[in-house]
Amino acid sequence: MGTMTLTGKGRRWLLNGHPWIYADDVADGEGTPGELVPVFAPQGESLGWALFSARSKIALRMVTREEEQPNRAFWEGRVRRAIQAREQHGLLDPAGACRLLSGDAEGIPGLIVDRYASTLVLQTGTQGADRMRDFIVELLLEAMPFEVTAVLDRSDLSVRRLEALEPRVEVLRGSIDGPVEVREEGGLVYAVDVREGHKTGAYLDMRDNRRRAAAHAAGGRVLDAFAYDGLFGIRAALAGAEEVLCLEQNAAACERILENARRSGVADRVRVERVDCMKDLRARAEAEERYQVAVVDPPAFARNKKERAGAERGYVELNRRAMALLPEGGTLVSASCSHAISRRDFTAHLASAARVSGREAFLEALTGAAPDHPVRLGLPESDYLKCAFVRMG
């Protein structure tokens with residue numbers, strides 16, 4: 001068994017609450033890739049147990065601060081705790097969808113598992129998660145309150161390169177012959193391409209924000225930009241929007257939006273246009289189009305701190321264009337999934353967009369991800385999603 005000894009700086013960093021230890025803060029030690037190793041302070045004091053990476057800049061991801069080595073009962077407790085939290089939030093409807101395990105935020109580093117009806121889709125992003133995959137899946141299947149018919153490993157993340165891991169797509173249980181249908185309350189029905197779709201197939205973190213946005217849509221026109229599977233727009237149509245326009249650049253996603261609208265019974269009020277959203281928003285503003293609600297939910301503009309300056313320009317310009325489409329009293333729903341952009345930064349970018357637009361804007365709410373994507377105190381990286389609800393003056 002390997003062991004790791006931290007530097008004084010590494011010890012202080014850990015005692016301040018962050019569960020990640022960088023390679024520069026490891027003074028001495030050895031271990032095999034993905035091994036669970038004991039961690040010690042420079043003077044020999046036990047600091048707990050961590051999963052070791054032989055290649056990543058994040059050398060250690062702490063699992064526990066206890067001196068005793070985690071055993072099967074320990075990991076079973078972590079998995080059952082996560083399942084119980086979803087149950088408490090009413091997220092275990094067998095026909096619905098939710099994130100079952102949220103990786104480092106729930107003390108199972110590097111492993112996320114999403115559920116679409118009775119299909120589980122997992123992704124491992126670290127050597128430790130790769131090593132523990134089958135064991136954790138076994139515990140999940142034991143803890144689930146209903147039968148799981150299929151398990152897919154969609155570990156094709158680019159971040160795996162940082163851990164010297166090759167991309168992998170593998171069916172671990174059952175079979176997956178096509179899209180998985182999900183049914184949510186309120187009549188939302190949608191298909192998830194678990195093999196080829198973004199992330200594990202869908203964006204489950206926006207569930208509550210879609211409902212909140214839909215509450216502003218009754219009787220009006222709604223624009224859903226960067227729509228992906230169209231769930232913001234379709235939710236709005238289900239809530240009584242008169243007309244919904246979804247803008248999306250990906251051809252397969254455009255087809256999926258139309259199919260999801262049909263499944264949900266609102267195909268007559270949902271249109272799709274395949275466009276470059278940034279360019280298209282400018283053209284619509286110049287044409288003086290108006291919408292009651294405009295949703296802008298783009299891909300991450302800043303994947304790290306070095307990209308923050310460019311992200312600021314992007315967020316200001318994007319939101320300026322969206323604001324131009326809204327009348328007084330209209331609602332802008334603007335999101336950022338860039339963990340490098342803080343909530344304070346994001347609201348500052350929105351304020352700049354309003355200033356450039358010559359508009360008054362009022363922040364009515366600033367929300368985050370749905371509760372099955374928990375924010376772990378001490379791990380700011382888990383607080384990545386910002387969704388602003390802005391009333392235009």
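The values are calculated or read from the model by the stated rules, or taken from the named source; none is laboratory data. If you're wondering where the values come from, they're calculated on a predicted model, not measured in any experiment. All Cβ positions, even for glycine, are placed from backbone atoms using ideal geometry, and neighbour counts span all protein chains on display.
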Take the conditions of a type in the set (D, E, K, R), part of a strand (DSSP E or B), surrounded by 15 or more Cβ atoms within 10 Å (Cβ to Cβ) and at negative phi and apply them to residue 86. Does it pass? no
Looking only at residues that are outside any helix (DSSP H, G or I) and in contact (Cβ under 8 Å) with a residue 60 or more places away in the chain in the stretch 237-265, which one is farthest from residue 181 (Cα to Cα)? 265
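Does the stretch 187-236 hold any residues that are closer than 25 Å to residue 283 by Cβ and either of a type in the set (Lys, Arg) or part of a strand (DSSP E or B) (or both), and which are they?
We begin by selecting, within the stretch 187-236, every residue closer than 25 Å to residue 283 by Cβ; these are 213, 216-217, 220-234, 236.
If the condition is that a residue be closer than 25 Å to residue 283 by Cβ and either of a type in the set (Lys, Arg) or part of a strand (DSSP E or B) (or both), then 221, 222, 223, 224, 225 are the ones that fit.
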Across the stretch 137-175, which residue is modelled with the lowest pLDDT among those that are in contact with a Lys or Arg (Cβ under 9 Å, 6 or more places away or on another chain) and of a type in the set (Gly, Ala, Ser)? 164
Within the stretch 352-379, how many residues turn out to be free of Cβ contacts under 8 Å to residues at least 24 places away in the same chain and over 21 Å from residue 216 (Cα atoms)? 2
Looking at (1) touching a residue at least 60 places away in the same chain (Cβ under 8 Å); (2) out of contact with any Lys or Arg (no Cβ under 7 Å at 6 or more places or on another chain); (3) surrounded by fewer than 22 Cβ atoms within 10 Å (Cβ to Cβ), find the lone condition where residue 134 falls short. (1)
Scan the stretch 105-113 and tell me whether some residue there is more than 15 Å from residue 20 (Cα to Cα), assigned to a strand (DSSP E or B) and either of a type in the set (Val, Ile, Thr) or not assigned by TED's automatic domain parsing to the domain that holds residue 146 (or both). yes
State whether one or more residues within the stretch 145-152 are assigned to a loop (DSSP other than H, G, I, E, B), surrounded by 18 or more Cβ atoms within 10 Å (Cβ to Cβ) and polar (S, T, N, Q). no
Tell me the residue from 370, 365 that is over 24 Å from residue 284 (Cβ atoms) and surrounded by fewer than 17 Cβ atoms within 10 Å (Cβ to Cβ), please. 365
What pairs can you find where one residue is in the stretch 47-63 and on the phi < 0 side of the Ramachandran plot and assigned to a strand (DSSP E or B), the other is surrounded by fewer than 22 Cβ atoms within 10 Å (Cβ to Cβ) and hydroxyl-bearing (Ser, Thr, Tyr), and their Cβ atoms are less than 8 Å apart, with a gap of 6+ or different chains? 49/64; 52/32; 58/22; 59/22
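Take the conditions under 25 Å from residue 334 (Cβ atoms), in the same structural domain as residue 325 (by TED's automatic domain parsing) and among the aliphatic types (A, V, I, L, M) and apply them to residue 223. Does it pass? So that I can check it myself, show each step before the final result.
Details: under 25 Å from residue 334 (Cβ atoms): yes; in the same structural domain as residue 325 (by TED's automatic domain parsing): yes; among the aliphatic types (A, V, I, L, M): yes.
Yes, satisfied.
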Within the stretch 160-186, which residues are free of Cβ contacts under 8 Å to residues at least 24 places away in the same chain, in a loop (DSSP other than H, G, I, E, B) and over 22 Å from residue 95 (Cβ atoms)? 166, 167
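Here is a list: 294, 287, 267. Which entry is in contact with a strand residue (DSSP E or B) (Cβ under 8 Å, 6 or more places away or on another chain) and either surrounded by fewer than 16 Cβ atoms within 10 Å (Cβ to Cβ) or in the same structural domain as residue 385 (by TED's automatic domain parsing) (or both)?
Details: 287 fails: in contact with a strand residue (DSSP E or B) (Cβ under 8 Å, 6 or more places away or on another chain); 267 fails: in contact with a strand residue (DSSP E or B) (Cβ under 8 Å, 6 or more places away or on another chain).
The unique qualifying residue is 294.
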The condition of being under 15 Å from residue 126 (Cβ atoms) and at pLDDT 95 or above holds, among 65, 61, 55, only for 61
Any residue in the stretch 87-99 that is in contact with a Ser or Thr (Cβ under 7 Å, 6 or more places away or on another chain) and farther than 28 Å from residue 201 by Cβ? no
Looking at (1) aliphatic (A, V, I, L, M); (2) at pLDDT below 95; (3) in contact with a Cys (Cβ under 8 Å, 6 or more places away or on another chain), can you tell me which one residue 311 breaks? (3)
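Would you mind finding the one in 128, 77 that is more than 18 Å from the chain's Cα centre (by Cα), free of Cβ contacts under 8 Å to residues at least 24 places away in the same chain and outside the structural domain of residue 14 (by TED's automatic domain parsing)? Outline the logic, then answer.
Details: 128 fails: free of Cβ contacts under 8 Å to residues at least 24 places away in the same chain.
Checking each option against the conditions leaves just 77.
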Kindly establish whether residue 119 is over 24 Å from residue 51 (Cβ atoms), touching a residue at least 12 places away in the same chain (Cβ under 8 Å), in contact with a strand residue (DSSP E or B) (Cβ under 8 Å, 6 or more places away or on another chain) and not acidic (Asp, Glu). yes
